[in-house]
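*Asks:* Before we start, here is the structure in question, set down as structure tokens.
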Amino acid sequence: MHVELFIQVLTALFVIANPIGILPVFLSMTSDFTPDERRRTAIQTVLTVAVVLSITALVGESLLRFFGISLPAFRAGGGLLILLMAVAMLNARHGRIRHTPEEALEAEERENIGVVPLGIPMLAGPGAISTIIIYAHQAAGWTDKLMLFLAVGTLAASIWFSLLLAESIKAWLGQTGINIITRILGLLLVSIAVEFIVEGVASLWDKV
């Protein structure tokens with residue numbers, strides 16, 4: 001169960017974050033950066049994602065209880081949110097859920113773009129946060145919690161690897177290759193979203 005949970009969480013987070021699809025945005029926002037500045041931005045991005053998702057795994061469900069939101073309702077709502085992201089990915093777009101054009105324009109004037117908007121909300125955005133809360137509820141003990149943190153750490157490492165080799169990966173895949181990968185991940189994300197929605201609605205129906 002522990003390894004299965006790790007694989008499920010990592011797969012969902014990787015598909016939602018899409019470290020490959022973020023490369024054109026990263027390269028565009030850091031086009032006038034020196035290599036050292038680009039590396040620092042990559043580190044900021046990775047740390048932001050790791051910290052936000054780790055904290056969410058610890059306190060996310062408690063926040064839901066504080067606001068009186070049931071997990072089945074959150075699961076169904078989170079599934080709808082992820083489904084919207086998946087539809088955008090099937091069209092090889094990030095969609096306005098991740099960030100708006102206005103936010104992207106404002107980000108060009110920021111120094112810490114690794115935190116906002118790259119870390120939040122483009123990588124550790126609503127979809128990833130919803131996913132980690134849902135899986136945190138399924139964690140039966142600290143061993144399962146450890147699997148969550150291990151999945152977050154593995155995701156952060158994959159993001160670091162992608163950003164570090166952004167230019168090489170972009171040159172090798174090209175925009176067409178990145179779009180193809182994004183669409184494939186979008187298709188997988190549709191399946192994850194539908195599963196969340198069905199489970200959430202079924203749980204809500206049982207309470208009626």
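*Asks:* Say whether the condition of being of a type outside the set (Gly, Ala, Ser), buried (at least 16 other Cβ atoms within 10 Å of the Cβ) and over 11 Å from the mean Cα position of the chain (by Cα) is met by at least one residue in the stretch 120-133. Lay out the reasoning, then the answer.
*Replies:* So in the stretch 120-133, the residues of a type outside the set (Gly, Ala, Ser) come out as 120-123, 126, 129, 131-133.
Pick out the ones that are also buried (at least 16 other Cβ atoms within 10 Å of the Cβ) and you get 120-123, 126, 129, 131-133.
Narrowing further to those that are over 11 Å from the mean Cα position of the chain (by Cα): 133.
There is at least one residue in the stretch 120-133 that is of a type outside the set (Gly, Ala, Ser), buried (at least 16 other Cβ atoms within 10 Å of the Cβ) and over 11 Å from the mean Cα position of the chain (by Cα).
*Asks:* Report yes if LEU150 is surrounded by 15 or more Cβ atoms within 10 Å (Cβ to Cβ) and at pLDDT 95 or above, otherwise no. Don't jump to the end; show me each part of the working.
*Replies:* Details: surrounded by 15 or more Cβ atoms within 10 Å (Cβ to Cβ): yes; at pLDDT 95 or above: yes.
Considered against the rule, which asks whether it is surrounded by 15 or more Cβ atoms within 10 Å (Cβ to Cβ) and at pLDDT 95 or above, LEU150 comes out as yes.
*Asks:* Now a separate question. Quick check on my filter: what residues within the stretch 1-20 are within 18 Å of ILE129 (Cβ to Cβ) and outside any helix (DSSP H, G or I)?
*Replies:* Residues satisfying the conditions are ASN18, PRO19.
A quick yes/no check of all residues on (1) among the aliphatic types (A, V, I, L, M); (2) surrounded by fewer than 21 Cβ atoms within 10 Å (Cβ to Cβ); (3) without any contact (Cβ under 8 Å) to a residue 24 or more places away in the chain:
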{"site": "THR11", "(1), (2), (3)": "no, yes, no"}
{"site": "LEU27", "(1), (2), (3)": "yes, yes, no"}
{"site": "VAL51", "(1), (2), (3)": "yes, yes, yes"}
{"site": "ILE69", "(1), (2), (3)": "yes, yes, yes"}
{"site": "GLY78", "(1), (2), (3)": "no, no, no"}
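*Asks:* Moving to a separate point now. Output the number of residues of the stretch 154-204 satisfying the condition of being under 13 Å from LEU13 (Cα atoms) and surrounded by fewer than 14 Cβ atoms within 10 Å (Cβ to Cβ).
*Replies:* Total meeting the criteria: 1.
The values are calculated or read from the model by the stated rules, or taken from the named source; none is laboratory data. Since this is a predicted model, take the numbers as computed values, not measurements. When we count neighbours, we look across all protein chains shown, and the Cβ atoms used for this are built from the backbone with ideal geometry, even at glycine.
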